Amino acid sequence: MSDSPAAPDAAEGPPTAPPPGRAPAAYLAALNPAQREAVEATEGPVLVLAGAGTGKTRVLTTRFAHLLMTGRAAPNQVLAVTFTNKAAREMKERIARLIGRPVEGLWLGTFHALSARLLRRHAALAGLAPNFTILDTDDQLRLVKQVAEAANLDTRRWTPQGLLAVIETWKNRGLGPDEVGAADATDFAAGRALALYRDYQARLRALNAADFGDLLLHALAIFRTNAEVLGLYQRAFRYILVDEYQDTNVAQYLWLRLLAQRHRNICCVGDDDQSIYSWRGAEVGNILRFEHDFPGARVIRLECNYRSTPHILAAASGLIAHNQGRLGKTLWTEDGEGEKVRLRGLWDGEEEARFVCDEVEALQGRGERLGAMAVLVRAGFQMRAFEERLLTLGIPYRVLGGPRFYERQEVRDAIAYLRVVANPSHDLSFERIVNVPKRGIGEATVKSLHELARARGVPVFEAARDLVATDELRAKARVALKALIDDFDRWRSLAGGLAHPELARTVLEESGYTAMWQADRSPDAPGRLENLKELVAAMEEFENLEGFLEHVSLVMENDQAEDGERLNLMTLHAAKGLEFDTVFLPGWEEGLFPHQRALDEGGLKSLEEERRLAHVGITRARRRVVVSFAANRRVYSTWQSNLPSRFVDELPAEHVERESEPGLYGAGSAATDLEEGAARLRAPRFGGQARLIEAEAWTVETHARPAGTFAVGGRVFHQKFGYGRVVSTDGAALEIEFEKAGRKKVIDRFVEPA
Ligand code: ATP
Ligand code: MG
């Protein structure tokens, strides 16, 4: 590839002639009339606005092939944007199949990948050398922190994570430091955020580095300021294709608009009902504005769904109809009836995992392929129960779009702490966490530790103990290391008296590890905190810490062989654009899905996005959907009781098959469910352990009942604990001295004045 700006590959030579001997009609015949129209409308702006499974991606792929087959464009004159790298690979394969030969040199990829390629060629225009590094999130944060500290920002009040979030919002909106206007200003850092943004960008340049947002932003800036370069690419890319257009952010939108300006042959496909990335700056408004920005645009609607059976499609349509902010569309399918969406209530998360995995085995027994089944979860932590069950049963699986539960960074870190508590000579673990969170123990210190340990033939932890008694280390590192050793000594001494999950929680809290993620403002931080909670909850199943760690080693050993049939496990967000014969949708509970955090932060708008996510989940299925929910989940060592998600009730009854005892459903009678739930909690389960009843946090959410107000000293009645007096209040949490049950923390909704 040439790095010369004057010779982008896209500008090389005239279009190739269509290969002889293959009639275009062959691939066009596989389309319905509306799809075919979208493929053949090659000139001018086209928006394909259509529901899930109507063949939008198929249209784009065929259009790409069509452009090549008819000689309208050479392979490098089409710019095609996909949402993930995986989608790009698949599209490339499909194009090769359609035109009957492999093609190279395609400009086909994600916005980031394409921008990086552009930027490497014109790095100098962005003040970078062509070999610039792309920073990962850790480095990015470190740099922001340095910048904030150099500017004497009070980083306790204004965290680096917070600053980074502000910067990323600007970048998502295509705003470099010079473009941030009064309307985009923020109160963050008392109005200093913009100056810090400027410093940060200057530091990045000095390091010859770009962060993820920069890839797009720099490309955009080059296009805006350098007419020659822009003109080059505007001419080169005769045709532009964009998949999942509903999830583009402003920067991406501007980037596309600039590139498309000359030929105006831009074809975007999307579905407003599948917009699920607003939390990363996506603006569904882009799709609504298309006709305005590209006057004369042709809007094509596809209404025939080729993916799902009628029951599945109707269930998904019925659910999404509860959203107000949508364009609305009709969808139909020619498929035979098929199975209704199955709905199953289960006792707890473990039972839910058992149920789903049994179903998977049963389907397998009936000849269904594992690879055609998927479990789609709302939150990463939910995967743990499924993964363990799958490993127990020996069902091969793969986690898409992320690591397996026990391989997640935060889970590994937490386990490393616990290993060192259990065994001070676990060097790898100690080294992993010695400076996580950052405590000023740098590489030089770790190196000295290593040398000493090797020289004396002792574990690193012992070497550390010796080293802090000397003056070998810088004062800061010595103090920090000493404190860490003392911490571990203390945690070990606690190990005898404290239940191991409690010990784990203590270690994570006292080490500052939990706090590190709490302070992190990146979008994945809350998920990591949930994973830590799930980890601690999982420990309950084991007799002691050693038993748990042993289990983890065994689980981790179970390496994923690369190919072969495997069950797919992923988050709903990662499932966009994919399809499977059978889709399991577990965890449909209020608070988990819709996710409480989303509701707290974004209200109705976020609720609608959660609903779109549910809709994306259902529409991934070709033939079978199994929705499930658990009445109880363990959060740390307490049990939390949940009501079925409101989305469960929003599925049209005639397309749903409810399979479990009615008491586990919402069905509009929250009070009955509460009583039944409470009765079940009291019933001896799990070997009659009474600890279930000891659950402190009895946080059942009901949709309708408003929270009352309670005064300290007031007499109240609680459905489970009976009569008592309010001792203190803290928002929705009340501390109550119950006459029979003693002092408990409860949620105000379950308390009535007595
Ligand atoms: P999503 O919104 O979920 O991304 P989509 O609109 O991109 O969906 P595709 O993935 O392109 O839909 O198509 C859904 C399924 O329907 C695929 O299996 C595809 O091969 C099939 N399909 C699409 N169009 C046709 C057609 N005309 N005839 C037969 N099958 C089709
Ligand atoms: Mg698609």
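Inspect segment 246-256 for any residue being assigned to a loop (DSSP other than H, G, I, E, B) and within 16 Å of ligand 1 (Cβ to nearest atom) and give the result as yes or no. Explain how you work it out, then say what you get.
Initial filter on segment 246-256 (assigned to a loop (DSSP other than H, G, I, E, B)): 248.
Cutting the leftovers down to within 16 Å of ligand 1 (Cβ to nearest atom) gives us 248.
Checking segment 246-256: at least one residue is assigned to a loop (DSSP other than H, G, I, E, B) and within 16 Å of ligand 1 (Cβ to nearest atom).
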Of the residues in segment 32-42 that are surrounded by fewer than 19 Cβ atoms within 10 Å (Cβ to Cβ) and without any contact (Cβ under 8 Å) to a residue 60 or more places away in the chain, the one that is nearest to residue 259 (Cα to Cα) is 40
Looking only at residues that are at pLDDT 95 or above and within 16 Å of ligand 2 (Cβ to nearest atom) in segment 212-244, which one is nearest to residue 87 (Cα to Cα)?
243
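Residues checked against (1) open to solvent by less than 40 Å² (accessible area, probe 1.4 Å); (2) at pLDDT 85 or above; (3) not acidic (Asp, Glu):
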{"site": "90", "(1), (2), (3)": "no, no, no"}
{"site": "93", "(1), (2), (3)": "no, yes, no"}
{"site": "99", "(1), (2), (3)": "yes, no, yes"}
{"site": "109", "(1), (2), (3)": "yes, yes, yes"}
{"site": "112", "(1), (2), (3)": "no, yes, yes"}
{"site": "116", "(1), (2), (3)": "yes, yes, yes"}
{"site": "122", "(1), (2), (3)": "yes, yes, yes"}
{"site": "126", "(1), (2), (3)": "yes, yes, yes"}
{"site": "138", "(1), (2), (3)": "no, no, no"}
Inside segment 275-312, can you point out the residues that are crowded, with 22+ Cβ neighbours inside 10 Å and farther than 30 Å from residue 170 by Cβ?
302, 305, 308, 309, 311, 312
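Among the listed residues 238, 262, which satisfies the condition of being buried (at least 18 other Cβ atoms within 10 Å of the Cβ) and basic (Lys, Arg)? I'd like the intermediate steps shown before the answer.
Numbers: 262 fails: buried (at least 18 other Cβ atoms within 10 Å of the Cβ).
None of the others qualify; the one that does is 238.
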Name the single residue, out of those in segment 43-65 being more than 14 Å from ligand 1 (Cβ to nearest atom) and surrounded by fewer than 24 Cβ atoms within 10 Å (Cβ to Cβ), that is nearest to the chain's Cα centre (by Cα).
45
Residue count, segment 173-185 (criterion: exposed (fewer than 14 other Cβ atoms within 10 Å of the Cβ) and part of a loop (DSSP other than H, G, I, E, B))
2
Is it true that residue 126 is in contact (Cβ under 8 Å) with a residue 24 or more places away in the chain and more than 23 Å from residue 230 (Cβ to Cβ)?
no
Take the residues in segment 574-588 that are within 16 Å of ligand 2 (Cβ to nearest atom) and not aromatic (Phe, Trp, Tyr); name whichever of them is nearest to the chain's Cα centre (by Cα).
574
For segment 151-169, state whether one or more residues are without any contact (Cβ under 8 Å) to a residue 60 or more places away in the chain, in a loop (DSSP other than H, G, I, E, B), under 26 Å from the mean Cα position of the chain (by Cα) and within 27 Å of residue 82 (Cα to Cα).
no
Can you tell me how many residues in segment 73-88 are surrounded by fewer than 24 Cβ atoms within 10 Å (Cβ to Cβ) and within 26 Å of residue 622 (Cβ to Cβ)?
6
Residue 70 passes all but one of (1) of a type outside the set (A, V, I, L, M, F, W, C); (2) surrounded by 23 or more Cβ atoms within 10 Å (Cβ to Cβ); (3) more than 16 Å from ligand 2 (Cβ to nearest atom); which number fails?
(2)
Could you check, for segment 288-301, whether at least one of its residues is more than 30 Å from residue 635 (Cβ to Cβ), modelled with pLDDT under 90, among the aliphatic types (A, V, I, L, M) and more than 15 Å from ligand 1 (Cβ to nearest atom)?
yes
Among (1) out of contact with any Asp or Glu (no Cβ under 9 Å at 6 or more places or on another chain); (2) hydroxyl-bearing (Ser, Thr, Tyr); (3) open to solvent by less than 40 Å² (accessible area, probe 1.4 Å), where does residue 397 come up short?
(1)
Any residue in segment 247-263 that is aromatic (Phe, Trp, Tyr), closer than 19 Å to residue 109 by Cβ, away from ligand 2 (no atom under 16 Å from the Cβ) and not assigned by TED's automatic domain parsing to the domain that holds residue 572?
yes
Given the options 584, 629, 580, name the one that is over 18 Å from residue 318 (Cα atoms), touching a residue at least 60 places away in the same chain (Cβ under 8 Å) and within 16 Å of ligand 1 (Cβ to nearest atom).
580
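The values are calculated or read from the model by the stated rules, or taken from the named source; none is laboratory data. Quick caveat: nothing in here was measured; it's all calculated off a predicted structure. Note that each Cβ is placed from the backbone with ideal geometry, even for glycine, and that neighbours are counted across all protein chains shown. Note: accessible area is taken over every heavy atom of the protein model, side chains too, but ligands, DNA and RNA are not part of it. Shrake-Rupley method; radii C 1.70, N 1.55, O 1.52, S 1.80 Å.
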